[in-house]
């Protein structure tokens, strides 16, 4: 088992590092412009030329795959933390419960005061449920995880069928005001009017106090934004727990097993991603069709591709070179890097910062991505050479244990001289 330190597993850190970097590649759009543009490229930000190419590339290679990897890694890391707590004589459940409650607090602060796309709240909720299945064998975890993914697909399928009927009713001759409102409150919102775009832009470019007050006034939206995805996320966490227990995610398999897995997994994932992009373009970005293709039809293939990515990353990290160490460090500081990118992006795009919100195209907004990737790779490793944890990791650990944790490492004389 490859490790970066006595208490670290290299492959988990490297995969997590790749995932947290990849997630920002798609999230940046939701920081830069109206929410509907994230789901519908025709809504805002441009959907031709370089903008279309960027959207299509992210759809095929990144979107959904990195979130899936991140969710699986969360399940694996959850088991690791519980096991170590129990080995040290602490209650695994109590340790896990406190971690999830503190994570929920961070998530709610992130959601209400920084960005609506927070994933920490969802992970805290899902993590509490996933704990119930920690004693299962890898085979049972895979079976239950797959069943939960299928159940989530079925529920979203029913929802999207209802949205299709709402669309038909809203655009039928003599449609009632109720039918039109039902569609506009649903997936019809992915086609924002000029007035809605202007209102959204004014909110994000106005005073921060107005932005926070607006979010708090709509506090219940955190439930509607997260609860529909709990089943899917728990399923992915269970798959990650299986990957941990089986040795797949910890790098214990023979290289030949990883090689046999990665080629077909990546091929299937890329092929279905291209098919989804082709459909979206040919349908002129029809919202019901796009969501059906991505959230329902493509889910199994996104999961398979994420597994293929994990296999590829593990193989590439075998030599533990300089870049691998940098990415692993970014993964060890994933909590700080995730929240840090949100803070930086909100300052870059919103009115209390540079005020670029709604004034850049899709590809222009994406230029922030390689900048923050570089920052992640540059700061994480030297920081961890001097400190035990990233700043937010330290806060999470200290709050979970109700005690300030040691932060600064004790450097030996050689390290001090080298510094």
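The values are calculated or read from the model by the stated rules, or taken from the named source; none is laboratory data. Remember, it's a predicted structure, so these values are computed and weren't measured experimentally. In this analysis, Cβ positions are derived from the backbone assuming ideal geometry, glycine residues included, and neighbour counts consider all displayed protein chains.
It is to be established whether one or more residues within region 268-286 are within 30 Å of residue 83 (Cβ to Cβ), in contact (Cβ under 8 Å) with a residue 60 or more places away in the chain, under 24 Å from the mean Cα position of the chain (by Cα) and not in a helix (DSSP H, G or I). Checked region 268-286: no residue is within 30 Å of residue 83 (Cβ to Cβ), in contact (Cβ under 8 Å) with a residue 60 or more places away in the chain, under 24 Å from the mean Cα position of the chain (by Cα) and not in a helix (DSSP H, G or I).
Where helices (runs of 4 or more DSSP H) fall entirely within region 325-419, those with at least 2 residues that are in contact (Cβ under 8 Å) with a residue 24 or more places away in the chain and exposed (fewer than 15 other Cβ atoms within 10 Å of the Cβ) are at 368-386. Hey, can you tell me all the residues within region 66-91 that are surrounded by fewer than 19 Cβ atoms within 10 Å (Cβ to Cβ) and assigned to a helix (DSSP H, G or I)? Passing the criteria: 80, 81, 83, 84, 85, 86, 87.
Could you tell me whether region 164-171 includes any residue that is in a loop (DSSP other than H, G, I, E, B) and either modelled with pLDDT of 95 or more or in contact with a strand residue (DSSP E or B) (Cβ under 7 Å, 6 or more places away or on another chain) (or both)? Scanning region 164-171 turns up at least one residue that is in a loop (DSSP other than H, G, I, E, B) and either modelled with pLDDT of 95 or more or in contact with a strand residue (DSSP E or B) (Cβ under 7 Å, 6 or more places away or on another chain) (or both).
Checking the stated criteria, residue 179 turns out to be surrounded by 18 or more Cβ atoms within 10 Å (Cβ to Cβ) and either part of a loop (DSSP other than H, G, I, E, B) or without any contact (Cβ under 8 Å) to a residue 40 or more places away in the chain (or both). With the structure loaded, tell me whether residue 11 is in a helix (DSSP H, G or I) and out of contact with any helix residue (DSSP H, G or I) (no Cβ under 7 Å at 6 or more places or on another chain) or whether it fails that test. Here the answer is no, as residue 11 does not meet what is asked. Looking at (1) without any contact (Cβ under 8 Å) to a residue 60 or more places away in the chain; (2) buried (at least 18 other Cβ atoms within 10 Å of the Cβ); (3) within 30 Å of residue 358 (Cβ to Cβ), which is the only condition residue 160 fails? Exception for residue 160: condition (1). In region 18-32, the residues that are without any contact (Cβ under 8 Å) to a residue 24 or more places away in the chain never reach a residue that is part of a helix (DSSP H, G or I) with C-beta atoms less than 7 angstrom apart, at least six apart or across chains.
Scanning region 49-58 for residues that are closer than 20 Å to residue 296 by Cβ, touching a residue at least 40 places away in the same chain (Cβ under 8 Å) and under 15 Å from the mean Cα position of the chain (by Cα) turns up nothing. Among the conditions (1) buried (at least 17 other Cβ atoms within 10 Å of the Cβ); (2) under 20 Å from residue 43 (Cβ atoms), the only one that residue 221 does not satisfy is (1). Can you confirm whether residue 106 is closer than 26 Å to residue 272 by Cβ and at pLDDT 95 or above? So residue 106 fails the test. Looking at region 27-36 only, could you name the residues that are touching a helix residue (DSSP H, G or I) at 6+ places or on another chain (Cβ under 6 Å) and under 21 Å from residue 196 (Cβ atoms)? Across region 27-36, the qualifying residues are 29, 30, 31, 32, 34, 36. When 132, 122 are screened for being within 18 Å of residue 233 (Cα to Cα) and touching a helix residue (DSSP H, G or I) at 6+ places or on another chain (Cβ under 8 Å), only 122 passes.
Answer with yes or no whether residue 24 is at pLDDT 95 or above, within 19 Å of residue 357 (Cβ to Cβ), surrounded by fewer than 21 Cβ atoms within 10 Å (Cβ to Cβ) and in contact with a helix residue (DSSP H, G or I) (Cβ under 6 Å, 6 or more places away or on another chain).
Judged against the criteria, residue 24 is not a match.
For residue 45, the conditions (1) part of a helix (DSSP H, G or I); (2) surrounded by 22 or more Cβ atoms within 10 Å (Cβ to Cβ) are fulfilled apart from (1).
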